[in-house]
1. Only residues that are hydrophobic (A, V, I, L, M, F, W, C) and under 21 Å from Gly156 (Cβ atoms): list them for the range 181-199, please.
2. Can you tell me which residue within the range 32-49, out of those that are buried (at least 21 other Cβ atoms within 10 Å of the Cβ) and not in a loop (DSSP other than H, G, I, E, B), is farthest from the ligand (Cβ to nearest atom)?
3. With (1) farther than 17 Å from Val226 by Cα; (2) hydrophobic (A, V, I, L, M, F, W, C); (3) in a strand (DSSP E or B) as the list, and Val186 as the residue in question, which single condition is left unmet?
4. Can you work out which of the residues in the range 145-179 that are within 16 Å of the ligand (Cβ to nearest atom) and assigned to a helix (DSSP H, G or I) is surrounded by the most Cβ atoms within 10 Å (Cβ to Cβ)?
5. Consider Leu195 against the criteria (1) within 20 Å of the chain's Cα centre (by Cα); (2) surrounded by fewer than 22 Cβ atoms within 10 Å (Cβ to Cβ): it satisfies all of them except one. Which criterion is unmet?
6. Evaluate the range 198-207: report whether one residue or more is within 19 Å of the chain's Cα centre (by Cα), in the same structural domain as Thr36 (by TED's automatic domain parsing) and not polar (S, T, N, Q).
7. Filter the range 46-75 for residues that are closer than 17 Å to Ala20 by Cα and touching an Asp or Glu at 6+ places or on another chain (Cβ under 9 Å); which is modelled with the lowest pLDDT?
8. Quick one: how many residues across the range 2-22 are free of Cβ contacts under 8 Å to residues at least 24 places away in the same chain and not in a helix (DSSP H, G or I)?
Amino acid sequence: MIDLKSVASYLDAEYPALLAEDWDNIGLLVGDFSATVKTIMTCLTVTPEVCEESIVKKVNLIVSHHPFPFQAMKQITSQTVEGSMLLQLISHGIAVYSPHTAHDSAKDGVNRQLAAILNLTDVMPLNANGSGCIGNCRQNGILLSDLLQIIETRLGVCSYVGDINKSVNRIAIGCGVADEFVDKAVQQKADLLLLGEARFHTCLRAQSLRLALILTGHFASEHFAVKTLAQKITVQFPEISCFPSDSEQDVIKRYNYTLPCHK
Ligand SMILES: [Zn+2]
């Protein structure tokens, strides 16, 4: 029998609070430390669909990349979506653990996994607090178009800023929202910053600094890591059934308009 305390301690050690941003809310956020854990589901975000799936699948612990709850709450009632979800989770004995920015920055975390997809070498943290990362391309002068193809194959359709024929030697990475990494990436001589999402004015600034951007979308930049997280937990606790949620989808859909056929 494995208790929640053992699983939470393992995750605390793998995703230490020291790596998390000051504003974050990480660790065990809902749960009874003495409860038995037989089934774990990983996900990007606790949504009503994920909450429902965890109840149907009799999950004991949700490991959600994004924190739930994130903001401080003064009431937990059925009058709000968050309150309803919390009441449901607690009544079904479902705990929630969130590693969030500690997971972004960990040695095998989300940003390092993105660096591995791009086949980077000499990967280092981008910032002194360990957030973001930067590394060199194994193939010198690889074209932005080739990198876009790699990312599209692995993570899905993405957007970019810059010249598609630009040759790239050094790449900075920040999953999720990473607007603030633009200046640091330029300081550290990156030719390209790969990130989940950025504001329009950040894109203009990057263009003016001759820094190319690849924008994968927030969901795509982090969701793949929910699967690797489930695999990692399974290796550590083979007696626990651990799987990624299959009800999660990107809330932002891409509209493909096809002209109607005229006879
Ligand atoms: Zn995120």
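The values are calculated or read from the model by the stated rules, or taken from the named source; none is laboratory data. Predicted model, so just to flag it, every value in this text is computed and none were measured. Methodologically, a virtual Cβ is constructed for each residue, glycine included, from the backbone with ideal geometry; neighbour enumeration extends over all protein chains shown.
1. To start, the set of residues in the range 181-199 that are hydrophobic (A, V, I, L, M, F, W, C) comprises 181-182, 185-186, 190, 192-195, 198.
Correct list: Leu192, Leu193, Leu194, Leu195, Ala198.
2. Ile40
3. Status for Val186: all satisfied but (3).
4. Ranking the candidates gives Leu155 first.
5. Result: Leu195 passes all but (2).
6. Step one: list which residues in the range 198-207 are within 19 Å of the chain's Cα centre (by Cα), which gives 198-199.
Okay, now just the ones that are also in the same structural domain as Thr36 (by TED's automatic domain parsing), so none.
Within the range 198-207, none of the residues are within 19 Å of the chain's Cα centre (by Cα), in the same structural domain as Thr36 (by TED's automatic domain parsing) and not polar (S, T, N, Q).
7. Keep residues of the range 46-75 that are closer than 17 Å to Ala20 by Cα, which gives 63-71.
Filter once more, so that each one left must be touching an Asp or Glu at 6+ places or on another chain (Cβ under 9 Å): 65-71.
Values: His65: 98, His66: 98, Pro67: 98, Phe68: 98, Pro69: 97, Phe70: 97, Gln71: 94.
Result: Gln71.
8. Going through the range 2-22 one residue at a time, the tally reaches 1.
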